[in-house]
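Coordinate-derived values only; no laboratory data. Please read these numbers as outputs of a predicted model, since none were measured by experiment. All Cβ positions, even for glycine, are placed from backbone atoms using ideal geometry, and neighbour counts span all protein chains on display.
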Amino acid sequence: MIDEYRRTFAAFAANGGGRGPEWLATLRRNGMDRFAAIGFPTTHDEEWRFTPVSSIARVPFTLAPQPTMELSAAEVEPFRFGHDEWPTLVFVNGRYSARLSYRSVLPPGVQLRPLSEVLESEPTSLEGTLGHSGSLDGTSFTALNAAFLQDGAVLSVASGVELPSPMHFVFVATRDAQGVMVHPRNVVQVGDGARVNFIESYLSLDNESSYLTNAVTEVRVGSGAWVEHVRVQRESEAASHIGWTEVHQARDSHYRSFTLALGGRLSRLNLHARSNASNTETLLYGLYLTRNEQLADTHTAIFHDHPNCRSWEVYKGILTDRSRAVFNGKVFVKPEAQKTDAKQTNRNLLLSEGAKVNTKPQLEIFADDVKCTHGATVGRLDETAHFYLQSRGIPRVAARKLLTYAFAAEVVNEVTVAPVREALGRLVWARLAEGT
C-alpha cells in the first residue's frame, strides 16, 4: 500500500504538486519519505492501541479531483451558523471555492486567504512557518499531510486587532467523494494583544460516502492575545477523519478550544498546546457523541514549559449502540514550570450495554510547587434523577433526553460566541433526538 501512495505522490508532483519554491518541494518530499519509512500506525503503537486504522491502511485512497458537482450556496448555508456576513472560506473536496466563499472587507491588519492562493502569490510569507507545527515527527498522518498539502485556510491577524466577528473555515465533502482523500492545512497567526475567534467545520453532504479527511491546523498565539477556536466534525458516518491541531502560546496569552465530534466511522483528533513563555492560560473543552459502530478518539497534550501557567480541560462523551470512544489526555510539567495550575477531567455517559470507552488521563510532573489534578468517570444516567423527572409528569424517553442534554450542555456552554453556542446546542439536541 505504501507503493500506491508513492505513485500517487509522484503523479501529484508531476501535475502541479511540485510547483513552488524549493523549501516547499523539500517539505513535501520529506513528508512522503517520512510516511513511507514509518507507514500507518498499528495497535502495537501505544498511542494507537485502542484505535485500529486498518480501515484506512487497506484502502488506496486517491487525491480528490476537481468536484464534478456544482454546489449551490443553499447547500452550504445550513452550516454557516446563520451568519452569511461572517468571513468564510469554503473548500469543496479539499479545493478552495471562491464562488461559495465570502471575504468581506476585513479590518486593517487582517488577512484571510486560501493556502493555494498564498503559495501561488507570495510563498515566502510562509517559509519557516508552514510545517513548523504539526511536524513530520507528529504521526504518519501529519507526514502524509505534509506530502500532499495543497490548500487550506491562512489567517493572519496583526498586533492589537480585535476581530468583530468569527472567521469560518468550511470543508465540504460532496456526494461523489467516495474513495478520495483530502489533506487540508490551516495556518493561524495571531499578533500580540489581538482578539480572535475562528471556527473549523468539517462536513459531508451525505452520510454514506467513504473517504479520508486528514487535516492539520497550526496556531500561533502572540503575547497577550486572546483566541477562541471552535472545531466541529460532522462528516459522513462511513468516512474517516484524522485531525492534528498544534498551538503555541506566547507570554500572557489565552487560548480556549471547543471541539465537537459527531461524524466519521473512525475519527481521531490530536490537540497539542504548548506554553512558550510564562503566564499563559489554556482552556480545552470537548464533546464526542457516538452511535452504531462509530469510534471517536481524542488525544490531548498540554505542555507546561514555563512557570505561572494555567490549564483547564474538560472533555465529555455520550455513547450508545456498539460505539466506542478513546480519550487520552496528557499534561506535562517541566522542572522549571513552577506555580503551574492544571486541571483535567474526562466524563463519559454510556447509554447502552454495548458501548465502551477507554479513558486515560495522565500527569507527568517534574516540578514540586504545582497544583495539578486529573480524573475520569464512566457511568450511566442517574435513575434517581430519572424518577424525579417522571414524578413531575415528564415521560421517561423525554426525561432521558433532558438529562443527557444537560450532561452535554456543560461544555457546549463554554463557547463564548452566542450564535455558535446556540447552533451547537441545537445540533446536539437534534442528535440526541435521533438516538445519539
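Tabulated values for the structure
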| quantity | calculated |
| --- | --- |
| Unit Cα scatterers, Debye sum, region 257-353: log10 I(q)/I(0) for q = 0.23, 0.25 Å⁻¹ | -1.05, -1.18 |
| Dipole of the chain [Lys/Arg +1, Asp/Glu -1 at C-beta], most positive-end residue of 340, 130, 379 | 379 |
| Electrostatic dipole magnitude of region 163-273 [Cβ: Lys, Arg +1; Asp, Glu -1; Cα centre; debye, to 20] | 180 |
| Antiparallel bridge percentage (DSSP; both residues within the chain; nearest 5) | 5 |
| Residue 376 versus residue 341: modelled label distance in nm, points set 7 Å from Cα along the beta carbon direction | 2.6 |
| Gaussian network model of the chain, Cα within-10 Å springs - most flexible of 203, 63, 71 | 71 |
| Highest to lowest packing among 341-351, 50-60, scored as the average C-beta count within 10 Å | 341-351, 50-60 |
| Using a Förster distance of 56 Å, the FRET efficiency for residue 365-residue 207 (Cβ separation, nearest 0.05) | 0.80 |
| Calculated diffusion of region 315-436, Stokes-Einstein form, Kirkwood radius summed over Cα pairs, 37 °C and 0.692 mPa s, µm²/s | 198 |
| In region 357-403, the chymotrypsin sites (Phe, Trp or Tyr not before Pro) that fall in loop regions by DSSP, at most 16 other Cβ within 10 Å | 366 |
| Cα-centre dipole for the chain with unit charges at Cβ (Lys and Arg positive, Asp and Glu negative), debye to 20 | 820 |
| Residues of region 320-360 with amide N under 13 Å of the 7 Å Cα→Cβ point at residue 385 | 347-351 |
| Qualifying GluC sites (Glu not before Pro) in region 382-436, DSSP loop, other Cβ atoms within 10 Å at most 14 | 434 |
| Residue order, fewest to most surrounding Cβ atoms within 10 angstrom, among 28, 6 | 6, 28 |
| Square roots of 5 times each gyration tensor eigenvalue, C-alpha, region 2-277, largest first, Å | 27, 22, 19 |
| Span from the region 287-366 Cα centroid across to the region 375-414 one, whole angstrom | 22 |
| Residue order, fewest to most beta carbons within 10 Å, for 206, 151, 368 | 368, 206, 151 |
| Sparse-neighbour loop sites [GluC sites (Glu not before Pro); region 188-245; at most 12 other C-beta within 10 Å; DSSP] | 208 |
